[in-house]
Amino acid sequence: MNAPMTRRRLLQAAGFLSLSFGIPLETALSQQAARLPGDLNSTRVLRAWLRIESDNRVTLLVGKVELGQGILTAVQQICADEMDVDFEQVQVISGDTALVPNEGVTAGSFSMPNCATAVRHASAEVRAILMGLAADKLGQPVATLKVAQGVVQAPGGAQLRYGDLLIGQALEREATGQVPLKPASEHRYIGRAMQRPDIRDKVMGKAIFVQEMRVPGMLHAQVVRPPTYGARLLTLPTAAVERMKGVVKVVRNGSFVGVVAERIEQAQAAAQALARGATWDVPKALPRQAELASWLRQAPSRLIATKRQPRTGGEPSSKTLKASYFRPYQMHASIGTSAAIATWQAGELLIQTHSQSVFETRQAIASMLRMPLDKVRLQHVQGSGCYGHNMADDAAADAALLAVAVPGHAVKLQYTREQEHRWEPYGSAMLVDIEAGLDSQGNVLDWDLQIRSTPHGTRPQGMPGNLQSALYLEQPFQQPVPDNAGGPNYAADRNGIALYDFPGHQVLTHFITQMPLRVSSHRGLGAYANVFAIESFMDELAHAAGVDPLTYRLRFLKDPRGRDALTEAAKAFGWDRWQRRPGHGRGLAFARYKNIAGYCAVALEVEVNPASGHVRVVRAVASADSGHVVNPDGVSNQIEGGLIQSLSWTLKEQVHFDETQVLSNDWASYPILGFSEAPPIEVVLINRPGAPFLGTGEASQGPTGAALANAVFDATGVRFRELPLTPQRVLEGLKQHRSSRNA
């Protein structure tokens, strides 16, 4: 592994001119300060974002991190276009708390609207500064100058490189947000499918994931988890383990137990021996899995009026339809188990992590260890299978706890598959009830949707109590009471407000703060369950009215971009030309993620085996409107990946548990979609040059689940409202359907 990047190494490698190299500071804003685009609003000084090097390269610094979504490639394209340099001239540094602006958590599909927008405006403004400096030096009006590859050329042939221009504190100024952006007609890279720079290394097997990284002299660590939540350690014999070969240190702090050894297999053997010898006080506190939906309905909750739009006047409803939809606890199930490398040396802690929230996790770890914040540094490193709040933050904290016990050594910690499966923060179980009052033509007059959900946000957020091991220390931290913060469409109620126009529209969220199982941000938060419910119910209403599901949706969808997304997906699927075959069905669904991000519609064809209940997705088509598309390949990848993941959730995934512990501890007890089960996917991109960037990474999950359930209904005549649609559940539904028809 390469040595960690420091400001000194960055300066030596780049040959910077006389710019400032301090940690980027957020500018204190007065109430009168005009709002700037995207994340420029919170970090306004230009040198926090961009630096010009003496060799004419551009260094772009961003707080968002690469999780496989392609964000770093997109911002590199944007910077290259607005700066008039080649793509290869831009080097990107991201997620290093000592170097980059604090852009918060990389989550919620906010990287493009917030980070990419900031990069675009900052780059345009820096280019304008450089052109002004060049005009002064060359004695020519700015309008007469041309620039390419970072070289400014005057009409007479005189030229200057960007690297020759910056002197003094040229970038030590606040952005204005007023510099004109390049029109789409002048873009060289925006709108072009660029290969991500990290792909080649991954294909060739280079060790770029934190799980693969090695440091000379590195030690290995393992933790010993309790049998279940709330368990407390009673006894822990350590003498025999401390004598095991390669063991450097056994660490016990309250009910937190870990071991550091010279080799990974030695650490694993020692951890297993400690687990066998430990005795615990184990509570029986979990609800019955089979009664989870009832538990959600009965659990104490806080009522949140997500939307209240009572209908005024008009005819009374002539008919009422209602249905309930259920989503179980589901895992991130990251392919690579979470890992981190921590080094405690000379009073400073360096942690290399695949956390999505390096700044917030840094603060939480500093508080947990009672260290000054400026003595803790996190560097983001890509992780295998990382998205949402999985155990990356916990791994960083556990590596830190064990590294401080062996000063001067890099300590790598990676969880076992069982630990990752049983202790990660799951996606919350949810119950959604919908009732619609209809007129005689089947039109919706009154729409009432009620959400019951446990939390969707327990990220560290600077609070040690959201780090799992901090709860087990001798002086334990308390987990904060979770909130459904952020307003409508944020957490449990994300996409709970249908984008359709109904005369009466009410959405109530029953927010349950109690967490029988550990839960947090799972890709899409509440959107997956809410869109599954809304789009399944819209399908039910369409069939009840005897109207084509596409036509029925278009009755109520007034947003022109939403209509385009639906019609483009249907057109590419061949909705009007589809020929029915035995056992086959088609389904359609739509949503705009959070009602503010990307639009996505999905159409699927499925085949259902009536003998086994097995559902095979034959093909899938998705349309996506992400505003101005920067990298078409990146957008398509995100839609495809989200679609496949949603198929896995919808067909297979459910956390199993009993009254004391989680039982899903491997791939057999928690299966995910295999390569052979992924269908061919066609993605239709709706590009809107000049429109704002819209987030895409979580746009396809909700529509996919609903489209699948709608297609299964179309194939079988059976409506499934409880997930996942396992062969057993489908077979039971088919049997009940046949029995009711024969009764």
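In the set Leu234, Leu219, Leu286, which member is farther than 18 Å from Arg422 by Cβ and open to solvent by less than 50 Å² (accessible area, probe 1.4 Å)?
Only one candidate passes the filter, namely Leu219.
For the range 640-677, give me each residue that is in contact with a helix residue (DSSP H, G or I) (Cβ under 7 Å, 6 or more places away or on another chain) and open to solvent by less than 40 Å² (accessible area, probe 1.4 Å).
Residues satisfying the conditions are Gly642, Leu643, Gln645, Ser646, Leu647, Trp649, Thr650, Phe657, Val662, Ser664, Tyr670, Leu673.
One residue is enough: does the range 197-211 have a residue meeting the conditions exposed (fewer than 11 other Cβ atoms within 10 Å of the Cβ), under 29 Å from the mean Cα position of the chain (by Cα) and not in a helix (DSSP H, G or I)?
Yes: one or more hits.
Taking the range 685-711 on its own, how many of its residues are out of contact with any helix residue (DSSP H, G or I) (no Cβ under 7 Å at 6 or more places or on another chain) and more than 30 Å from Gly191 (Cα to Cα)?
1
Return yes or no: is Arg719 open to solvent by 10 Å² or more (accessible area, probe 1.4 Å), assigned to a loop (DSSP other than H, G, I, E, B) and out of contact with any Lys or Arg (no Cβ under 8 Å at 6 or more places or on another chain)?
yes
Could you please let me know if Val250 is of a type in the set (A, V, I, L, M) and touching a residue at least 12 places away in the same chain (Cβ under 8 Å)?
Yes.
Which of the residues spanning the range 456-478 are outside any loop (DSSP other than H, G, I, E, B) and of a type in the set (S, T, N, Q)?
Asn466, Gln468, Ser469
Select from the range 491-518 the residues that are among the aromatic types (Phe, Trp, Tyr), buried (at least 19 other Cβ atoms within 10 Å of the Cβ) and part of a loop (DSSP other than H, G, I, E, B) and list them in ascending order.
Tyr500
Filter the range 72-95 down to the residues that are surrounded by fewer than 22 Cβ atoms within 10 Å (Cβ to Cβ), not in a helix (DSSP H, G or I) and not polar (S, T, N, Q) and list them by number.
Asp86, Val92, Ile93
Does the range 570-578 include one or more residues that are closer than 18 Å to Val531 by Cα and out of contact with any helix residue (DSSP H, G or I) (no Cβ under 9 Å at 6 or more places or on another chain)?
no
Looking only at the range 692-716, count how many residues are assigned to a loop (DSSP other than H, G, I, E, B) and either closer than 17 Å to Arg616 by Cα or hydroxyl-bearing (Ser, Thr, Tyr) (or both).
So the answer is 2.
May I ask you to verify whether Val404 is modelled with pLDDT of 95 or more, out of contact with any Gly (no Cβ under 9 Å at 6 or more places or on another chain) and open to solvent by 10 Å² or more (accessible area, probe 1.4 Å)?
Criteria met by Val404.
Would you mind finding the one in Val432, Val481 that is within 26 Å of the chain's Cα centre (by Cα) and assigned to a strand (DSSP E or B)?
That would be Val432, the only listed residue that is within 26 Å of the chain's Cα centre (by Cα) and assigned to a strand (DSSP E or B).
What tally of residues in the range 689-743 results from selecting those that are under 18 Å from Arg523 (Cβ atoms) and of a type in the set (S, T, N, Q)?
Total satisfying the criteria: 4.
When the residues of the range 622-640 are narrowed to those that are part of a helix (DSSP H, G or I) and not hydroxyl-bearing (Ser, Thr, Tyr), which ends up farthest from Ile71 (Cα to Cα)?
Across the range 622-640, the extreme among qualifying residues is Glu640.
For the range 633-659, name all the residues that are of a type in the set (Gly, Ala, Ser) and within 12 Å of Glu698 (Cβ to Cβ).
If the condition is that a residue be of a type in the set (Gly, Ala, Ser) and within 12 Å of Glu698 (Cβ to Cβ), then Gly641, Gly642, Ser646 are the ones that fit.
Assuming Arg311 fulfils every condition listed in (1) open to solvent by less than 10 Å² (accessible area, probe 1.4 Å); (2) in a loop (DSSP other than H, G, I, E, B); (3) under 27 Å from Leu445 (Cα atoms) apart from one, which condition is it?
Evaluating Arg311 over (1) open to solvent by less than 10 Å² (accessible area, probe 1.4 Å); (2) in a loop (DSSP other than H, G, I, E, B); (3) under 27 Å from Leu445 (Cα atoms) leaves (1) as the failure.
Of all residues in the range 109-152, which are open to solvent by less than 10 Å² (accessible area, probe 1.4 Å), touching a residue at least 24 places away in the same chain (Cβ under 8 Å) and outside any helix (DSSP H, G or I)?
Gly150
Identify, by number, the condition in (1) farther than 30 Å from Val247 by Cβ; (2) open to solvent by less than 30 Å² (accessible area, probe 1.4 Å); (3) part of a loop (DSSP other than H, G, I, E, B) that Ser334 doesn't meet.
Among (1) farther than 30 Å from Val247 by Cβ; (2) open to solvent by less than 30 Å² (accessible area, probe 1.4 Å); (3) part of a loop (DSSP other than H, G, I, E, B), the lone unmet condition for Ser334 is (1).
Which one of Glu242, Glu291 is under 34 Å from the mean Cα position of the chain (by Cα) and surrounded by fewer than 19 Cβ atoms within 10 Å (Cβ to Cβ)?
Result of the check over Glu242, Glu291: Glu291.
Which residue pairs have Cβ atoms under 7 Å apart, sit 6 or more places apart or on different chains, and have a first residue in the range 545-560 that is closer than 13 Å to Ala601 by Cα and at pLDDT 95 or above and a second that is open to solvent by 40 Å² or more (accessible area, probe 1.4 Å) and in a helix (DSSP H, G or I)?
Pairs that qualify, where the first residue is closer than 13 Å to Ala601 by Cα and at pLDDT 95 or above and the partner is open to solvent by 40 Å² or more (accessible area, probe 1.4 Å) and in a helix (DSSP H, G or I), are Leu554/Arg563; Leu557/Arg563.
Might you check whether a residue that is assigned to a loop (DSSP other than H, G, I, E, B) and under 22 Å from Leu286 (Cβ atoms) occurs anywhere in the range 442-455?
Checked against the condition, which is being assigned to a loop (DSSP other than H, G, I, E, B) and under 22 Å from Leu286 (Cβ atoms), the range 442-455 yields at least one hit.
Has the range 356-367 got at least one residue that is assigned to a loop (DSSP other than H, G, I, E, B) and basic (Lys, Arg)?
no
Looking at Tyr528, Tyr500, Tyr552, Tyr490, can you tell me which residue is aromatic (Phe, Trp, Tyr) and under 17 Å from Leu296 (Cβ atoms)?
Tyr528
Would you point out the residue of the range 337-374, among those that are under 21 Å from the mean Cα position of the chain (by Cα) and of a type in the set (Ser, Thr, Tyr), that is surrounded by the most Cβ atoms within 10 Å (Cβ to Cβ)?
Among those residues, the one meeting the criterion is Ser355.
Does Gln414 count as in contact (Cβ under 8 Å) with a residue 60 or more places away in the chain and touching a Lys or Arg at 6+ places or on another chain (Cβ under 6 Å)?
Taking the combined requirement at face value, the residue does not satisfy it.
So, in the range 628-665, of the ones that are of a type in the set (Val, Ile, Thr) and over 23 Å from the mean Cα position of the chain (by Cα), which residue ends up farthest from Ala706 (Cα to Cα)?
Thr660
Among the residues of the range 439-483, which ones are open to solvent by 10 Å² or more (accessible area, probe 1.4 Å), within 15 Å of Pro503 (Cα to Cα) and among the hydrophobic types (A, V, I, L, M, F, W, C)?
Leu445
The values are calculated or read from the model by the stated rules, or taken from the named source; none is laboratory data. These numbers come from a predicted model, not from an experiment. Ideal geometry is used to build each Cβ from the backbone, glycine not excepted, and the neighbour counts take in all protein chains shown. Surface areas here come from the heavy atoms of the whole protein model, side chains and all, with no ligands, DNA or RNA. Shrake-Rupley method; radii C 1.70, N 1.55, O 1.52, S 1.80 Å.
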